[in-house]
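S.K.: The structure that follows is given in the form of structure tokens.
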Amino acid sequence: MRSDQMKTGSDRAPHRSLMKALGLTDREIASPLIGVVNSANGIIPGHVHVNRIVDAVKAGIRSAGGTPIEFSVIGVCDGIAMGHKGMKYSLASRELIADSIEIMVTAHPFDALVMVPNCDKIVPAMLMAAARMNIPTVVVSGGAMLAGRLPGTKKAIDLTHVFEAVGAHAAGKMSDAELLACEDNACPTCGSCSGMFTANSMNCLTEALGMGLPGNGTIPAVYADRDRLAKEAGYAVMELYKKNIRPLDIMTPRAFENALTVDMALGCSTNSMLHLPAIAHEAKVHLDIAMANEVSKRTPNLCHLAPAGEHHIEDLFHAGGVMAVMLELHKKHLIHTDVLTVSGKTMGAQIAVAVNRDPEVIRPIDKPYSLTGGIAVLKGNLAPHGAVVKRSAVAPEMLKHRGPARVFESEEEVSLAIMRGQIRKGDVVVIRYEGPKGGPGMREMLGPTSAIAGMGMDKDVALITDGRFSGATRGASIGHVSPEAAEGGPIAFVQEGDLIDIDIDGGLLTLLVDEAELARRRQGWQPKAPEITTGYLGRYARQVTSASTGAVFAD
């Protein structure tokens, strides 16, 4: 056993003595020691209940003959961190979480792991650590929040509606009482926010990747099915341990291709284009974001989950979940069925027992929402290394757009301009110095996009940034522009009134300024000084790479 290095032999008597101080018996110490990575905390609604899930995991491990040993990691709630300095630390927390797991698992050599994340950066961080440590590992998330309901209505609402209500309220389209009703009812339970936002995107993709059991991405947090799944994760990790099946046996190039395919079919968050490359990097798998366009060309978009449509994660669960989506995709041979999963079965065996119970939520493969996938990577002289947009959440009339640039140096600047009514129909809002280095931290900007939508301009105004957008964002919101402004990317040289041409179906993002003029603007250029240069974020800015590479640390 890997744990023997800290518990076996006469020279390890001091170590065993300390373990006995934990209350462990000789029998428990002699059994496989299974680390249970607990992301519970009291500030994230998606994690406030996770101790319950962890207890179920530990019960499963014990009944299968292992000794569960729990340790904790930090987490950031993107929704609560949104719109202020705190959001600069969200993406940066991903690397810190992965590193902290590496430290814990090396300092205390566990034999296997069950990781219990739920929200945005915690899920990819744990997958990154799983690939890095490469010991038998199962990921089981905390589950999704149920959608809310406004009093007296049957229409489902979610956190997006509250952010958009802020814009509507500012525009005089919503009363104080109506805003309060949204605030009070949009988030009715614990769990990751109820749409196909970043947390649920990554939980679904964990399942598609083979690192989570069927149901991982879609079982609601408050359902007893979630507790049963957690126990099954405890059983499963013991089987992986006995068979020595490790994450790198599962997270293969073909598994990542499956994840990209499901990403396109579901219409996942654009943040998946940061996290999948980062996980692949740890797994030593090459995943260029441009691959997304190749996968998108052959993958129909089968689901319109919020913010792209009216359905929520609970609807996807009742329709058959991720496995039912993969079943539809397999009808056109779009899924690699021979890849291994943490269930010990192949993906094909898991798909074989799936059923699509609701063709309105999961469109049949021959009746998709569109013939191409939900995410597009754009390139052009404004984004030589790429930019990302959630195509499935863009109004048809905005798939092609040309308009004058309205240039802002931060999220705060543009939010103020929006609330003051200074953005006009047809504008292309450019928000720069919000990238991984320039922010620093690459803030998620749901506030500005939601305010635009709440004011009724999401079909008239485009937003472009070297920062990123929330999975809850809808409209022509194009993020991850690379190279970023702080690295001297072309976005640094856009001027007020420059025409910008957007062609989402064509994959193009073009600044209509000739090269000679751009060269003139570059002369003597100095990047804007980052707001934070000290502490963890200062170190992060010095080490982080481009969004086009997943914003991982430089090797």
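S.K.: On the accessible surface of the chain, probed at 1.4 Å, how many percent belong to carbon and sulfur atoms? Intermediate values should be presented prior to the final figure.
M.R.: Working: 10770 of 19880 Å².
Percent of accessible area from carbon and sulfur atoms in the chain: 54.
S.K.: Cα centroid distance between segment 528-543 and segment 326-383, in Å?
M.R.: About 39 Å separates the Cα centre of segment 528-543 from the one of segment 326-383.
S.K.: Right, next: Students often get this wrong, so try it: which of (i) 23.2, 76; (ii) 37.0, 138; (iii) 24.8, 82 is Rg and Dmax of the Cα atoms in Å as calculated from the structure shown?
M.R.: Looking at Rg and Dmax of the Cα atoms in Å for this model, the match is (i).
S.K.: Ignoring solvent entirely, what values of log10 I(q)/I(0) come out of the Debye formula for segment 1-80 at 0.17, 0.18, 0.21, 0.23 Å⁻¹ when each Cα is a single scatterer?
M.R.: -0.75, -0.80, -0.95, -1.04
S.K.: Determine the calculated [θ] at 222 nm for the chain from helices alone, applying -39500 (n - 2.57) to every DSSP H run no shorter than 4 residues and normalising by the residue count; nearest 500 deg cm²/dmol.
M.R.: Working: 22 runs with 215 residues, N = 555.
So the helix-based figure for the chain works out to -11500 deg cm²/dmol.
S.K.: Suppose the chain between I43 and A290 were pulled fully straight at 0.36 nm per residue; how much longer would it get relative to their current alpha carbon spacing? The partial results should precede the final answer.
M.R.: Numbers: separation 247, 0.36 × 247 = 88.92 nm, distance 3.61 nm.
Separation in residues times 0.36 nm, less the Cα-Cα distance, equals 85.3 nm.
S.K.: V430's amide H: which non-local residues (gap 5+, or another chain) put their own amide H closer than 5 Å, with H modeled 1.01 Å from N in plane and none for Pro or chain starts?
M.R.: For V430, the qualifying residues are R406, V407, F408, I464.
S.K.: Hey, another quick one. With 21 Å as the limit, write out which pairs from K390/K459; K154/K459; K297/K367 have Cα-Cα distances beyond it, or answer none.
M.R.: In this structure, K154/K459 lie more than 21 Å apart at Cα.
S.K.: Between E310 and S17, what is the label-to-label distance in nm when each label sits 7 Å out along the Cα-to-Cβ direction?
M.R.: Distance between the two pseudo-spin positions: 6.8 nm.
S.K.: Which GluC sites (Glu not before Pro) from segment 152-230 combine a DSSP loop assignment with at most 16 other Cβ atoms within 10 Å?
M.R.: none
S.K.: Rank A354, P364, N381 by how far each Cα sits towards the positive end of the charge dipole of segment 287-384 (+1 on Lys, Arg Cβ; -1 on Asp, Glu Cβ) and give me just the farthest.
M.R.: Looking along the dipole axis, the top candidate is N381.
S.K.: In terms of Cα to Cα distance under 14 Å, which aspartates and glutamates are near enough to K243, apart from those fewer than 8 places away along the same chain?
M.R.: Partners within reach: D111.
S.K.: Starting from the Cα of K425, draw a straight line to each of the aspartates and glutamates and keep only those under 14 Å, dropping any in the same chain fewer than 8 residues away.
M.R.: Candidates past the 8-residue exclusion: E397, D458, D460.
S.K.: Separate question: Only sites in a loop by DSSP and with at most 12 other Cβ atoms within 10 Å count here; which chymotrypsin sites (Phe, Trp or Tyr not before Pro) in segment 201-291 make the cut?
M.R.: Here no loop site has a sparse enough neighbourhood.
S.K.: What order, most packed first, do the peptides 267-277, 135-145, 381-391 have when packing is the mean number of other Cβ atoms within 10 Å of each residue? If you can, show how the numbers build up before the last one.
M.R.: Details: 267-277: 28.2, 135-145: 30.6, 381-391: 24.5.
In descending order of packing, they fall as 135-145, 267-277, 381-391.
S.K.: Can I ask one more? In degrees, nearest 10, range 0 to 90: what is the angle between the Cα axis of helix 176-185 and the longest Cα principal axis of the chain?
M.R.: 20 degrees
S.K.: Ok, one more. Hey, can you find the accessible area per residue of the chain for me, probe 1.4 Å, expressed in square angstrom?
M.R.: Details: 19880 Å² over 555 residues.
For the chain, the solvent-accessible area averages 36 Å² per residue.
S.K.: Filter K284/K379; K88/K345; K88/K242; K242/K331; K20/K121 down to the pairs with a C-alpha to C-alpha distance above 31 Å, please.
M.R.: K88/K345; K88/K242; K242/K331; K20/K121
S.K.: Follow-up. Looking at the square roots a ≥ b ≥ c of the eigenvalues of the Cα gyration tensor of segment 198-321, which shape do they give, rounded for a/c under 1.5, prolate if a/b is larger than b/c, or oblate?
M.R.: Note, shape of segment 198-321 comes out oblate.
S.K.: Something else now. Which GluC sites (Glu not before Pro) in segment 451-555 pass both tests, a DSSP loop state and at most 16 other beta-carbon atoms within 10 Å?
M.R.: Passing both the DSSP loop test and the Cβ count: E496, E531.
The values are calculated or read from the model by the stated rules, or taken from the named source; none is laboratory data. None of the values given here were measured: they were computed from a predicted structure. Note that we place each Cβ from the backbone using ideal geometry, even for glycine, and neighbour counts take in every protein chain shown. Just the protein is used for accessible areas: all its heavy atoms, side chains included, with ligands, DNA and RNA removed. Shrake-Rupley method; radii C 1.70, N 1.55, O 1.52, S 1.80 Å.
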